[in-house]
Amino acid sequence: MSIIAARKDSAAAAQVEEKKAAASAAAPEGTTTAQPASADRPATRGQVDITNVRKSFGATEVLKGVSLSVPPGGVAVIVGPSGSGKSTLLRTINHLEKVDGGYITIDGELVGYEVRGNKLHELREKDILKQRTHIGMVFQSFNLFPHLTALENVIEAPIVAQKRSKAEARKRGLELLDRVGLKDRADAYPRQLSGGQQQRVAIARALALDPKILLFDEPTSALDPELVNEVLDVIRELAKSGTTLIVVTHEMGFARDVADTVVFMDQGQIVESGTPQDIFANPREERTRSFFSKVIEPAFNI
Ligand SMILES: Nc1ncnc2c1ncn2[C@@H]1O[C@H](COP(=O)(O)OP(=O)(O)OP(=O)(O)O)[C@@H](O)[C@H]1O
Ligand SMILES: [Mg+2]
(Lines give C-alpha, C1' and ligand atoms only; values in the text may rest on other atoms or scores of the structure.)
(Ligands and ions follow the chains in the order given, each with its own letter.)
Protein backbone atom coordinates (compact mmCIF):
# COMPACT_ATOMS: atom_id res chain seq x y z
CA MET A 1 0.00 0.00 0.00
CA SER A 2 3.14 2.21 0.05
CA ILE A 3 2.55 5.69 1.39
CA ILE A 4 -1.21 5.51 1.11
CA ALA A 5 -2.95 4.62 4.33
CA ALA A 6 -6.30 2.87 4.22
CA ARG A 7 -8.86 3.93 6.79
CA LYS A 8 -10.42 1.04 8.66
CA ASP A 9 -13.97 2.27 8.62
CA SER A 10 -15.22 0.95 5.35
CA ALA A 11 -18.65 2.00 6.60
CA ALA A 12 -17.60 5.61 6.02
CA ALA A 13 -16.47 4.73 2.50
CA ALA A 14 -19.79 3.09 1.82
CA GLN A 15 -21.58 6.14 3.19
CA VAL A 16 -19.63 8.43 0.90
CA GLU A 17 -20.65 6.35 -2.07
CA GLU A 18 -24.26 6.28 -0.93
CA LYS A 19 -24.19 10.00 -0.42
CA LYS A 20 -22.90 10.57 -3.91
CA ALA A 21 -25.66 8.36 -5.24
CA ALA A 22 -28.28 10.22 -3.28
CA ALA A 23 -26.91 13.71 -3.77
CA SER A 24 -30.35 15.24 -3.56
CA ALA A 25 -31.36 13.43 -0.38
CA ALA A 26 -31.73 15.23 2.92
CA ALA A 27 -28.67 15.54 5.20
CA PRO A 28 -28.21 12.71 7.72
CA GLU A 29 -29.91 13.09 11.04
CA GLY A 30 -27.96 15.23 13.47
CA THR A 31 -26.28 17.32 10.78
CA THR A 32 -26.17 20.99 11.51
CA THR A 33 -27.18 22.79 8.35
CA ALA A 34 -26.17 26.40 7.99
CA GLN A 35 -28.59 28.91 6.51
CA PRO A 36 -28.48 29.29 2.74
CA ALA A 37 -26.47 32.21 1.45
CA SER A 38 -28.56 35.33 1.03
CA ALA A 39 -29.80 36.38 -2.36
CA ASP A 40 -27.35 39.28 -2.63
CA ARG A 41 -24.39 36.92 -2.81
CA PRO A 42 -25.30 34.13 -5.17
CA ALA A 43 -22.70 31.41 -5.09
CA THR A 44 -22.38 28.14 -6.89
CA ARG A 45 -19.35 26.58 -5.26
CA GLY A 46 -17.98 26.04 -1.81
CA GLN A 47 -20.50 23.58 -0.35
CA VAL A 48 -18.92 22.11 2.79
CA ASP A 49 -20.29 18.91 4.34
CA ILE A 50 -18.77 17.61 7.54
CA THR A 51 -20.22 14.24 8.51
CA ASN A 52 -19.78 12.67 11.93
CA VAL A 53 -16.13 13.70 12.24
CA ARG A 54 -14.15 12.24 15.11
CA LYS A 55 -10.62 13.08 16.16
CA SER A 56 -8.53 12.02 19.13
CA PHE A 57 -5.13 13.08 20.34
CA GLY A 58 -3.86 10.07 22.26
CA ALA A 59 -6.59 9.02 24.65
CA THR A 60 -8.38 12.36 24.44
CA GLU A 61 -11.25 12.57 22.00
CA VAL A 62 -11.44 16.23 20.98
CA LEU A 63 -14.07 15.90 18.20
CA LYS A 64 -16.87 13.54 19.15
CA GLY A 65 -18.88 13.18 15.97
CA VAL A 66 -19.29 16.64 14.47
CA SER A 67 -21.65 17.17 11.54
CA LEU A 68 -22.05 20.54 9.89
CA SER A 69 -23.09 21.65 6.42
CA VAL A 70 -22.38 25.10 5.02
CA PRO A 71 -23.92 25.97 1.65
CA PRO A 72 -22.08 27.79 -1.13
CA GLY A 73 -21.52 31.39 -0.06
CA GLY A 74 -22.65 30.64 3.49
CA VAL A 75 -21.01 32.26 6.50
CA ALA A 76 -20.72 30.01 9.54
CA VAL A 77 -19.19 31.43 12.70
CA ILE A 78 -18.00 28.93 15.30
CA VAL A 79 -17.85 30.02 18.92
CA GLY A 80 -17.20 28.16 22.14
CA PRO A 81 -14.93 27.83 25.13
CA SER A 82 -11.20 27.30 24.92
CA GLY A 83 -10.33 23.67 24.22
CA SER A 84 -13.76 22.82 22.78
CA GLY A 85 -12.21 21.70 19.47
CA LYS A 86 -12.83 24.72 17.22
CA SER A 87 -9.30 24.92 15.78
CA THR A 88 -9.09 21.17 15.43
CA LEU A 89 -12.35 21.14 13.46
CA LEU A 90 -11.09 23.90 11.14
CA ARG A 91 -7.83 22.06 10.63
CA THR A 92 -9.64 18.88 9.62
CA ILE A 93 -11.40 20.82 6.84
CA ASN A 94 -8.13 21.26 4.97
CA HIS A 95 -6.67 18.00 6.20
CA LEU A 96 -4.03 19.63 8.38
CA GLU A 97 -5.45 17.15 10.88
CA LYS A 98 -6.46 13.68 9.72
CA VAL A 99 -9.84 12.55 10.97
CA ASP A 100 -10.22 9.25 12.82
CA GLY A 101 -13.84 8.78 11.83
CA GLY A 102 -16.40 10.38 9.55
CA TYR A 103 -15.52 12.42 6.48
CA ILE A 104 -15.60 15.87 4.94
CA THR A 105 -16.51 16.84 1.40
CA ILE A 106 -16.19 20.12 -0.45
CA ASP A 107 -18.48 20.36 -3.46
CA GLY A 108 -18.92 16.62 -3.13
CA GLU A 109 -15.19 15.86 -3.26
CA LEU A 110 -13.75 13.99 -0.28
CA VAL A 111 -11.10 15.94 1.62
CA GLY A 112 -7.82 14.07 2.16
CA TYR A 113 -9.13 10.68 1.00
CA GLU A 114 -10.44 8.78 -1.96
CA VAL A 115 -12.71 5.76 -1.99
CA ARG A 116 -11.19 2.62 -3.48
CA GLY A 117 -12.59 -0.85 -3.00
CA ASN A 118 -15.00 0.24 -0.28
CA LYS A 119 -12.21 1.75 1.83
CA LEU A 120 -11.02 5.28 2.36
CA HIS A 121 -7.42 5.72 1.24
CA GLU A 122 -5.49 8.82 2.16
CA LEU A 123 -4.48 10.89 -0.86
CA ARG A 124 -0.85 11.28 -1.83
CA GLU A 125 0.89 14.36 -0.46
CA LYS A 126 0.88 16.12 -3.81
CA ASP A 127 -2.86 15.56 -4.20
CA ILE A 128 -3.47 16.80 -0.67
CA LEU A 129 -1.51 19.97 -1.49
CA LYS A 130 -3.45 20.41 -4.71
CA GLN A 131 -6.73 20.02 -2.86
CA ARG A 132 -5.59 22.53 -0.27
CA THR A 133 -5.25 25.22 -2.93
CA HIS A 134 -9.08 25.32 -2.95
CA ILE A 135 -9.17 26.00 0.78
CA GLY A 136 -7.74 29.28 2.05
CA MET A 137 -6.80 29.49 5.71
CA VAL A 138 -5.99 32.54 7.81
CA PHE A 139 -4.49 31.97 11.23
CA GLN A 140 -4.27 34.04 14.37
CA SER A 141 -0.54 34.56 13.79
CA PHE A 142 -0.27 35.91 10.29
CA ASN A 143 2.53 33.57 9.15
CA LEU A 144 3.81 35.88 6.42
CA PHE A 145 7.26 35.23 4.98
CA PRO A 146 9.40 37.90 6.67
CA HIS A 147 11.88 38.14 3.79
CA LEU A 148 9.18 38.80 1.18
CA THR A 149 7.27 42.03 0.57
CA ALA A 150 3.50 42.18 0.95
CA LEU A 151 3.03 41.67 -2.80
CA GLU A 152 5.62 38.89 -2.96
CA ASN A 153 3.83 37.11 -0.11
CA VAL A 154 0.57 37.30 -2.05
CA ILE A 155 1.93 36.12 -5.41
CA GLU A 156 4.20 33.35 -4.17
CA ALA A 157 1.61 30.55 -4.20
CA PRO A 158 0.03 31.45 -7.57
CA ILE A 159 3.49 31.41 -9.17
CA VAL A 160 4.74 28.25 -7.43
CA ALA A 161 1.55 26.18 -7.08
CA GLN A 162 -0.44 27.36 -10.07
CA LYS A 163 2.47 28.18 -12.40
CA ARG A 164 1.02 31.59 -13.19
CA SER A 165 3.27 34.06 -14.97
CA LYS A 166 4.87 36.64 -12.72
CA ALA A 167 3.21 39.51 -14.61
CA GLU A 168 -0.25 37.95 -14.29
CA ALA A 169 0.29 37.10 -10.62
CA ARG A 170 1.49 40.67 -9.87
CA LYS A 171 -1.56 42.19 -11.54
CA ARG A 172 -3.93 39.98 -9.57
CA GLY A 173 -1.85 40.44 -6.40
CA LEU A 174 -2.15 44.22 -6.62
CA GLU A 175 -5.91 43.91 -7.14
CA LEU A 176 -6.13 41.78 -4.01
CA LEU A 177 -3.99 44.16 -1.97
CA ASP A 178 -6.28 46.94 -3.19
CA ARG A 179 -9.27 44.91 -2.03
CA VAL A 180 -7.86 44.73 1.51
CA GLY A 181 -6.92 48.43 1.42
CA LEU A 182 -3.15 47.96 1.08
CA LYS A 183 -2.26 48.66 -2.53
CA ASP A 184 0.07 51.46 -1.45
CA ARG A 185 1.99 49.10 0.87
CA ALA A 186 2.72 46.44 -1.75
CA ASP A 187 6.48 46.84 -1.38
CA ALA A 188 6.56 46.90 2.42
CA TYR A 189 8.04 43.99 4.35
CA PRO A 190 5.94 42.43 7.15
CA ARG A 191 8.12 44.07 9.84
CA GLN A 192 7.17 47.46 8.36
CA LEU A 193 3.44 46.74 8.69
CA SER A 194 1.11 46.87 11.69
CA GLY A 195 -0.48 43.63 12.91
CA GLY A 196 -3.77 44.58 11.26
CA GLN A 197 -2.03 45.31 7.99
CA GLN A 198 -0.12 42.03 8.15
CA GLN A 199 -3.35 40.15 8.73
CA ARG A 200 -4.92 41.90 5.74
CA VAL A 201 -1.95 40.81 3.61
CA ALA A 202 -2.52 37.27 4.91
CA ILE A 203 -6.16 37.49 3.79
CA ALA A 204 -5.09 38.73 0.33
CA ARG A 205 -2.65 35.83 0.18
CA ALA A 206 -5.39 33.35 1.08
CA LEU A 207 -7.56 34.80 -1.71
CA ALA A 208 -4.80 34.61 -4.31
CA LEU A 209 -5.53 30.99 -5.21
CA ASP A 210 -9.22 31.81 -5.68
CA PRO A 211 -10.30 29.33 -3.00
CA LYS A 212 -13.74 27.74 -2.83
CA ILE A 213 -13.83 28.30 0.90
CA LEU A 214 -11.95 30.42 3.41
CA LEU A 215 -11.25 29.33 6.97
CA PHE A 216 -10.38 31.86 9.66
CA ASP A 217 -9.05 30.80 13.06
CA GLU A 218 -9.35 33.73 15.46
CA PRO A 219 -8.04 36.16 12.85
CA THR A 220 -8.12 39.15 15.20
CA SER A 221 -7.13 37.73 18.55
CA ALA A 222 -3.44 38.62 18.20
CA LEU A 223 -4.25 42.23 17.34
CA ASP A 224 -4.33 45.35 19.45
CA PRO A 225 -7.98 46.32 20.01
CA GLU A 226 -7.81 49.36 17.74
CA LEU A 227 -6.69 47.18 14.81
CA VAL A 228 -9.42 44.56 15.12
CA ASN A 229 -12.05 46.39 13.09
CA GLU A 230 -9.94 46.97 10.01
CA VAL A 231 -9.53 43.20 9.71
CA LEU A 232 -13.17 42.42 10.55
CA ASP A 233 -14.26 44.95 7.91
CA VAL A 234 -12.30 43.06 5.26
CA ILE A 235 -13.93 39.78 6.34
CA ARG A 236 -17.35 41.51 6.28
CA GLU A 237 -16.72 42.48 2.66
CA LEU A 238 -15.72 38.89 1.84
CA ALA A 239 -18.91 37.65 3.46
CA LYS A 240 -20.89 39.69 0.94
CA SER A 241 -18.85 38.40 -1.98
CA GLY A 242 -20.15 34.83 -2.16
CA THR A 243 -17.09 32.99 -0.86
CA THR A 244 -18.01 30.35 1.72
CA LEU A 245 -16.54 31.42 5.06
CA ILE A 246 -16.06 29.42 8.24
CA VAL A 247 -14.81 31.68 10.99
CA VAL A 248 -13.75 30.85 14.54
CA THR A 249 -13.86 33.99 16.64
CA HIS A 250 -14.52 35.40 20.07
CA GLU A 251 -15.85 38.62 18.50
CA MET A 252 -19.53 38.18 19.27
CA GLY A 253 -20.60 41.48 17.71
CA PHE A 254 -19.00 40.39 14.47
CA ALA A 255 -20.67 36.98 14.70
CA ARG A 256 -24.04 38.65 15.21
CA ASP A 257 -23.58 40.97 12.21
CA VAL A 258 -22.00 38.65 9.67
CA ALA A 259 -22.98 35.04 10.37
CA ASP A 260 -25.78 33.27 8.57
CA THR A 261 -25.27 30.58 11.15
CA VAL A 262 -23.67 30.67 14.59
CA VAL A 263 -22.37 27.28 15.73
CA PHE A 264 -21.76 26.80 19.45
CA MET A 265 -19.22 24.08 20.29
CA ASP A 266 -18.39 22.64 23.67
CA GLN A 267 -16.32 19.59 24.61
CA GLY A 268 -15.85 18.36 21.06
CA GLN A 269 -19.49 18.61 20.04
CA ILE A 270 -21.81 21.06 18.38
CA VAL A 271 -24.21 21.88 21.18
CA GLU A 272 -26.51 23.94 18.99
CA SER A 273 -26.53 26.18 15.97
CA GLY A 274 -28.85 28.65 14.36
CA THR A 275 -29.22 32.23 13.28
CA PRO A 276 -27.46 34.81 15.48
CA GLN A 277 -30.89 35.71 16.82
CA ASP A 278 -31.58 32.06 17.77
CA ILE A 279 -28.26 31.48 19.41
CA PHE A 280 -27.66 34.77 21.19
CA ALA A 281 -31.21 35.71 22.14
CA ASN A 282 -32.97 32.37 22.45
CA PRO A 283 -30.45 29.60 23.09
CA ARG A 284 -32.15 26.27 23.67
CA GLU A 285 -29.38 24.67 25.67
CA GLU A 286 -28.26 25.57 29.17
CA ARG A 287 -24.59 25.17 28.19
CA THR A 288 -25.02 27.80 25.48
CA ARG A 289 -26.79 30.20 27.82
CA SER A 290 -24.15 29.77 30.47
CA PHE A 291 -21.30 30.40 27.97
CA PHE A 292 -22.86 33.56 26.57
CA SER A 293 -23.72 34.90 30.00
CA LYS A 294 -19.97 34.95 30.64
CA VAL A 295 -18.71 36.30 27.32
CA ILE A 296 -21.37 38.77 26.24
CA GLU A 297 -21.58 42.16 27.85
CA PRO A 298 -24.97 43.13 29.26
CA ALA A 299 -25.30 45.97 26.72
CA PHE A 300 -24.97 43.63 23.71
CA ASN A 301 -27.94 44.17 21.40
CA ILE A 302 -29.27 41.31 19.39
N1 LIG B 1 -1.66 18.50 18.33
C2 LIG B 1 -2.30 18.24 19.49
N3 LIG B 1 -1.87 17.27 20.32
C4 LIG B 1 -2.52 16.97 21.47
N5 LIG B 1 -3.62 17.62 21.87
C6 LIG B 1 -4.11 18.60 21.11
C7 LIG B 1 -3.48 18.97 19.88
N8 LIG B 1 -4.18 19.99 19.31
C9 LIG B 1 -5.20 20.23 20.16
N10 LIG B 1 -5.16 19.41 21.23
C11 LIG B 1 -6.14 19.37 22.32
O12 LIG B 1 -7.42 19.27 21.75
C13 LIG B 1 -8.38 20.02 22.47
C14 LIG B 1 -9.06 20.98 21.52
O15 LIG B 1 -8.11 21.94 21.09
P16 LIG B 1 -8.46 23.09 20.07
O17 LIG B 1 -7.20 23.83 19.81
O18 LIG B 1 -9.18 22.53 18.90
O19 LIG B 1 -9.47 23.98 20.93
P20 LIG B 1 -10.08 25.42 20.62
O21 LIG B 1 -11.56 25.31 20.77
O22 LIG B 1 -9.56 25.92 19.31
O23 LIG B 1 -9.50 26.30 21.82
P24 LIG B 1 -9.03 27.86 21.85
O25 LIG B 1 -10.30 28.68 21.95
O26 LIG B 1 -8.22 27.96 23.10
O27 LIG B 1 -8.24 28.13 20.63
C28 LIG B 1 -7.61 20.70 23.59
O29 LIG B 1 -7.79 19.95 24.75
C30 LIG B 1 -6.18 20.66 23.12
O31 LIG B 1 -5.29 20.62 24.21
MG1 LIG C 1 -8.34 27.50 18.76
Revision key, fill the gap. The set of residues whose placed amide H lies less than 5 Å from the amide H of ILE270, leaving out same-chain residues fewer than 5 positions away, is SER67
Check your understanding: Which far-off residues, 5 or more places away or on another chain, put their amide H under 5 Å from the one on GLU97, with H placed in the peptide plane?
Key -> THR92
Practice item. Determine the order of ASP260, ASP187 by accessible area, beginning with the largest, at a probe radius of 1.4 Å. Key: ASP187, ASP260
Point to revise | Anchor LYS86: lysines whose Cα lies under 16 Å away (excluding residues fewer than 8 positions away in-chain) | key: LYS55, LYS64, LYS98
Practice item. Would you calculate the separation in nanometres between label points at ASP187 and ASP278, each defined as 7 Å from the Cα along the Cα-to-beta-carbon direction? Key: 5.2
Revision key, fill the gap. Between LYS166 and LYS119, the FRET efficiency computed from the C-beta separation at R0 = 35 Å comes out, to the nearest 0.05, as 0.25
Exercise for review: Give the share of C-alpha pairs in each 10 angstrom bin for segment 76-170, from 0 to the last occupied bin, in whole percents, shortest bins first.
Suggested key: 13, 36, 31, 18, 2
Review point. Karplus couplings for segment 66-83 from phi (6.51 cos²θ - 1.76 cosθ + 1.60, θ = phi - 60°), rounded to Hz, Gly and Pro as x?
Key: 9, 10, 7, 10, 10, x, x, x, x, 10, 9, 10, 9, 10, x, x, 4, x
Revision key, fill the gap. By the C-alpha gyration tensor axes a ≥ b ≥ c (rounded if a/c is under 1.5, else prolate when a/b exceeds b/c, else oblate), the shape of segment 206-273 is oblate
Exercise for review: Using only the Cα atoms of segment 117-267, build the gyration tensor, take square roots of its eigenvalues as a ≥ b ≥ c, and label the shape rounded, prolate or oblate: rounded if a/c is under 1.5, else prolate if a/b is larger than b/c, else oblate.
Suggested key: oblate
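The values are calculated or read from the model by the stated rules, or taken from the named source; none is laboratory data. Just so you know, these numbers come straight off a predicted model, no measurement behind them. Note: ideal-geometry Cβ built from the backbone for every residue, glycine included; neighbour counts use all protein chains shown. Accessible surface is based on the protein model in full, side chains and every heavy atom, while ligands, DNA and RNA are left aside. Shrake-Rupley method; radii C 1.70, N 1.55, O 1.52, S 1.80 Å.
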